[in-house]
Every structure is written in C-alpha cells, then in structure tokens.
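These notes are about the structure you will find just below.
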C-alpha cells in the first residue's frame, strides 16, 4: 500500500508510543515506569518533528547556497518539551527515592499491599 | 575511583575541553546548533564528571552549594530582568528592539542575555539535582 | 530504535534498563539529525543520554532494588495497548504524507519566520531566533519550569539536621 510508504514515520511513532504506554501500565517497578514514560515522550518528539522534514531541505540555519529549509517551528516546541521532560523525570525520581525510604520497596504490588495492611490501623485512630 | 590512573588522566584532559565546549555551544548558538540549554547541560556534565572521578566532597569544594543554589535562581532573574529592561526603555515586556538604537542589534543583545540566563539556570539545576541525589543516604565516602 | 524499546520492555535487570535507555536516546538523536533537527538532536543527546542516565543511576544507587519481579501477567494491559495502537494508527492515516510541502505546517506562519529572521534579528540560526525572540515567552515559562523542578527536588530530598533524627 502506498499509505505504508508515505506514513512510515507515523507507524514507528505509534510503535514507540505503545511500548511506552505498555511499560507504564503493565510493569510494577516504579523506576521502570519512569523509563517507559520517557520512551513515550520521545515518541511524541518524533511525532512532531517527522512532518517538519522536507526531503532535499537542510537544517534551519540560514546560509548562502541553500533554498529550502526544514520547518523550524517543531524544533522549538520539542526543545522546550525535552527540557520539561527531564525536569519531570528528576521530580519523579525524587519522589521514588522518598517512597523507597518510606515503604522499603519500589515495587507497586508491595507498596499497595503495605498500604492495605496499614489501612485498618489508620482507620481506628 | 580517584586511585585509577586512566580515569584521572582522561578526566584532566577532557574536563577543560568540556567546559570550553559548553561555552562554545553557548556563544555560537546564533550561528550553528546550540544555545542555552545544550550549553547548560554540557557544563553541568563536566562538573558531574569531575564529581564522579574525584568524589562528591571534592566537587562540593570546587563548586559550593551556595553558588549552585544562587545559579538556579539567578538565571530566571536574568531572563525576567531583560523583560523589565524592555519596559524601562519604552517598549512592552520582553521587547528586544528597544534595547539599542539599531533594532536588529537590540535583538541580538536581548537574545544573548536571554540565552545566558537560560544556560545559568539549566546548569545550576542539573548540578543541584545531582548533588542532592548523590549526597543523600551515604554521604560519608569520597 | 524499535529494537531498543522492545528490549527495555522485556528486560528485568534495572541497571541494563538504564543503559538501554541511554542507548535509545543516542539512537533517537541520530534519527533526529537525519530529520534535519540538529538543535533538537544535540539537546536530546546531552539531556536524554547524559543527564537522564546520571539521574536514573543516582536513583538506582539510592533505591538499591536491582530486579523487577515476575508478575502474574494478565492479558488485559497488552490488549488495551494493542487497541489504543490500532486506533492511533487509524488516526494517523489522515495526516499529511511524509515530506509534503503543501502541508499546513509549512505554509502557515513559518515562511515569515524563515524570511524575517535574518533581517529582523540578525541571527542565522532560525531555531534560536524563534526560541529567544519570536516565542520568547515560552522560553521564559520553560526556564521557570526548570527552576521549579530544581526547587521541588530540593524540597523533597533535603535533610533536616535535627538532633539524632536523620529524616
């Protein structure tokens, strides 16, 4: 199908997106969930930048001898998105460290189990 | 790790070049790829590299916590004060063309200071986060 | 890159997950250079493969847990992921084809930026000009976000030195 050849970049993007989402919802370890979130974010970068590329164009730095440039606007947005992504990763990891010190584990099942067994004690206070 | 000869030698060779490269990326962001964020991250990476080889207390005495914390806030203040300078000179907030008699030169000045602000904040935050992660829990060994 | 992502999904050992994520970021930076996004590639390589890896290793050092445990593996998340993927693929078939010069992204506001950047700002790198001048407010907001993240990490991980209490 010609749709496959002209939309190939979108398929790669969706595959990475699904991999990221699957790690977040199906794996219990908190650090691995954060890595999965990072994969999801990078797939969104690809989603924005791939349509901006013009075959035969060049990087958007104006110089003599080049006529077509690839679109600079997605680059600007994604630059911001990358930095915000690492900021969220840092905050998420700080929270994971605190969770580890409070619960003793970073596995989601163990944390939920520990919360469930603390519930009756907290309820009767 | 500071007893490993290869790491020490490679570190001494690479760290000055990394800092120089960070400055290069910062100031040539107008003419090639680069700009504030990349320069800030590369500068922070140079100091983190030093901290990994020589230990956290050595890095803390090289770049003290006070300086890092003030870098975190100073960058945002530099950025915001470029905007206020635009107001004081007669334009709107963050107008660059009033910063100089020639509007294009005013833009260049504005962009320069804004990128400096961004680089200072980004490198301060990355370094501070590294200090917090590495210094927590087992802050006794070098 | 897809192979790297698949390997991260299937890997159990957290240290190799972190190393693979650094590898994945470098591959993403290479793909971005191939797509002419040189500024973004430099940022992704330095931030994704540099700082991100350092932060993840720092967190692993503090958390200590090396392996994820095998779960009961219910099929529901996998099916849900496949359904979502199918729907998104169906949606992207309506988007413009790769490298189509008449797509709205190329005709809307960008020609003014590309032509005006040199005379109005005197800066050849259009991405820097747009980032710092045309869309300067966004960059101010982003710098504030970075500052907030730093302040948040300080607030979360700071130790209060009380007498004998190490929390």
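When segment A:86-105 is limited to residues that are surrounded by fewer than 22 Cβ atoms within 10 Å (Cβ to Cβ) and under 25 Å from residue A:13 (Cα atoms), the one that is farthest from the other protein chains (Cβ to nearest Cβ) turns out to be A:92. Looking across segment C:118-127, the residues that are crowded, with 22+ Cβ neighbours inside 10 Å and either at pLDDT 90 or above or in contact with a helix residue (DSSP H, G or I) (Cβ under 7 Å, 6 or more places away or on another chain) (or both) come down to C:121, C:123, C:126, C:127. Checking each residue of segment B:83-91 against the condition of being in contact with a helix residue (DSSP H, G or I) (Cβ under 7 Å, 6 or more places away or on another chain) and either crowded, with 16+ Cβ neighbours inside 10 Å or facing another protein chain (nearest Cβ under 10 Å) (or both) gives no match. Is there a residue being under 18 Å from the mean Cα position of the chain (by Cα) and farther than 30 Å from residue C:10 by Cα anywhere in segment C:115-122? Within segment C:115-122, not a single residue is under 18 Å from the mean Cα position of the chain (by Cα) and farther than 30 Å from residue C:10 by Cα.
Return yes or no: is residue A:48 free of Cβ contacts under 8 Å to residues at least 60 places away in the same chain and within 7 Å of chain C (Cβ to nearest Cβ)? So residue A:48 does not fit the description; no.
For segment C:4-103, please list each of the helices (runs of 4 or more DSSP H) lying entirely inside it that holds at least 3 residues being within 14 Å of chain B (Cβ to nearest Cβ) and farther than 28 Å from residue A:106 by Cα.
C:14-34, C:38-43
Report yes if some residue within segment B:66-75 is farther than 28 Å from residue C:39 by Cα and surrounded by fewer than 19 Cβ atoms within 10 Å (Cβ to Cβ); otherwise report no. Steps first, please.
Pass one, segment B:66-75, residues farther than 28 Å from residue C:39 by Cα: B:66-67.
With surrounded by fewer than 19 Cβ atoms within 10 Å (Cβ to Cβ) added as a condition, the list becomes B:66-67.
Yes, segment B:66-75 contains at least one residue that is farther than 28 Å from residue C:39 by Cα and surrounded by fewer than 19 Cβ atoms within 10 Å (Cβ to Cβ).
Could we say that residue B:21 is buried (at least 16 other Cβ atoms within 10 Å of the Cβ), free of Cβ contacts under 8 Å to residues at least 40 places away in the same chain and not in a loop (DSSP other than H, G, I, E, B) here? Yes; evaluated as a whole, the condition is true for this residue.
Pairing residues of segment A:19-32 that are at the interface with chain C (Cβ under 7 Å from one of its Cβ atoms) with residues that are part of a loop (DSSP other than H, G, I, E, B) and buried (at least 22 other Cβ atoms within 10 Å of the Cβ), at Cβ distances under 7 Å and at least 6 apart in sequence or on separate chains, gives A:29/A:106; A:31/A:106.
Are any residues in segment C:140-156 within 7 Å of chain A (Cβ to nearest Cβ) and buried (at least 21 other Cβ atoms within 10 Å of the Cβ), and if so, which ones?
Restricting attention to segment C:140-156, the residues satisfying the condition of being within 7 Å of chain A (Cβ to nearest Cβ) are C:142, C:145-146, C:149, C:152-153, C:156.
Listed by number, the residues that qualify are C:142, C:146, C:149, C:153.
Sort through B:43, B:36 and tell me the only one that's over 17 Å from residue B:129 (Cα atoms), in contact (Cβ under 8 Å) with a residue 60 or more places away in the chain and crowded, with 22+ Cβ neighbours inside 10 Å.
B:36
Taking the criterion of being in contact with a strand residue (DSSP E or B) (Cβ under 9 Å, 6 or more places away or on another chain) and modelled with pLDDT under 90, would at least one residue in segment B:35-44 satisfy it? Yes - at least one qualifying residue is present in segment B:35-44.
Do we find a residue being more than 8 Å from chain C (Cβ to nearest Cβ) and either part of a strand (DSSP E or B) or touching a residue at least 24 places away in the same chain (Cβ under 8 Å) (or both) anywhere in segment A:53-60? Within segment A:53-60, none of the residues are more than 8 Å from chain C (Cβ to nearest Cβ) and either part of a strand (DSSP E or B) or touching a residue at least 24 places away in the same chain (Cβ under 8 Å) (or both).
So that you can scan it fast, the table gives a plain yes or no per residue for (1) within 29 Å of residue C:135 (Cβ to Cβ); (2) part of a helix (DSSP H, G or I); (3) facing another protein chain (nearest Cβ under 8 Å); (4) in contact with a helix residue (DSSP H, G or I) (Cβ under 7 Å, 6 or more places away or on another chain):
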position: B:42; (1), (2), (3), (4): yes, yes, yes, yes
position: B:70; (1), (2), (3), (4): yes, yes, no, no
position: B:79; (1), (2), (3), (4): yes, yes, yes, yes
position: B:113; (1), (2), (3), (4): yes, yes, no, yes
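The single condition among (1) modelled with pLDDT of 80 or more; (2) more than 24 Å from the chain's Cα centre (by Cα); (3) within 14 Å of chain B (Cβ to nearest Cβ) that residue C:132 does not meet is (2).
The values are calculated or read from the model by the stated rules, or taken from the named source; none is laboratory data. Note that the structure is a prediction, hence the values are computed from the model and not measured. Cβ atoms come from the backbone with ideal geometry, glycine included; neighbour counts cover every protein chain shown.
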